[in-house]
Amino acid sequence: MIDLRYALRTLAKNPGFTIVAVLTLALGIGANTAIFSVVNGVLLRPLPYPDSRQLVQIRPMSTADSSSAMAPADFLELQRDNHTLQALAGYRDDALTIASAQSGPVRVQGTLVTSDFFEVFAMPAA
């Protein structure tokens, strides 16, 4: 109790230090909360799919380009010869052009998916 009174008296005598200390604590707590919220949402919370632990991503190994996509023919061969996975769906990020009569062509980022893409993510566990 005596230590608490001494701390309060010391803080009251130095209002500049008190303001800096309180602001530092507030920024630290706020940054910690923000970072934890992002980590929780991205890494800790499971994906919003049924049995999300059974989802896997297959991509080609390439030393030259870490963002290399699987060739469509390779995906079709993998899908045809699959005996292990319950289902396979493919996707590829791409730059697309959307054209309309009013505004003309517009370049957008999009993702091309196979026809069964959404069915795979809604599929119940076997």
### Query
Val42 is checked against (1) exposed (fewer than 11 other Cβ atoms within 10 Å of the Cβ); (2) not in a helix (DSSP H, G or I) and fails just one. What number does that condition carry?
(2)
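Take region 4-33 and flag every residue that is hydrophobic (A, V, I, L, M, F, W, C) and exposed (fewer than 10 other Cβ atoms within 10 Å of the Cβ). Let's see the steps before the verdict.
Filtering region 4-33 for residues hydrophobic (A, V, I, L, M, F, W, C) gives 4, 7-8, 11-12, 17, 19-23, 25-27, 29, 31.
If the condition is that a residue be hydrophobic (A, V, I, L, M, F, W, C) and exposed (fewer than 10 other Cβ atoms within 10 Å of the Cβ), then Leu4, Ala12 are the ones that fit.
Can you find, within region 74-126, the residue that is nearest to the chain's Cα centre (by Cα) among those that are of a type in the set (Ser, Thr, Tyr) and surrounded by 12 or more Cβ atoms within 10 Å (Cβ to Cβ)? Show your work before the answer.
Initially, region 74-126 is screened for residues of a type in the set (Ser, Thr, Tyr), giving 84, 91, 97, 100, 103, 111, 114-115.
Imposing the further condition that a residue be surrounded by 12 or more Cβ atoms within 10 Å (Cβ to Cβ) reduces the set to 91, 114.
Working: Tyr91: 17, Thr114: 22 Å.
Top of the filtered list is Tyr91.
Only the coordinates and a few stated rules stand behind these numbers; no lab work does. As the structure is a computational prediction, the values presented were derived from the model and not from experiment. Positions of Cβ are generated from backbone atoms using ideal geometry, with glycine treated the same way; all protein chains shown enter the neighbour counts.
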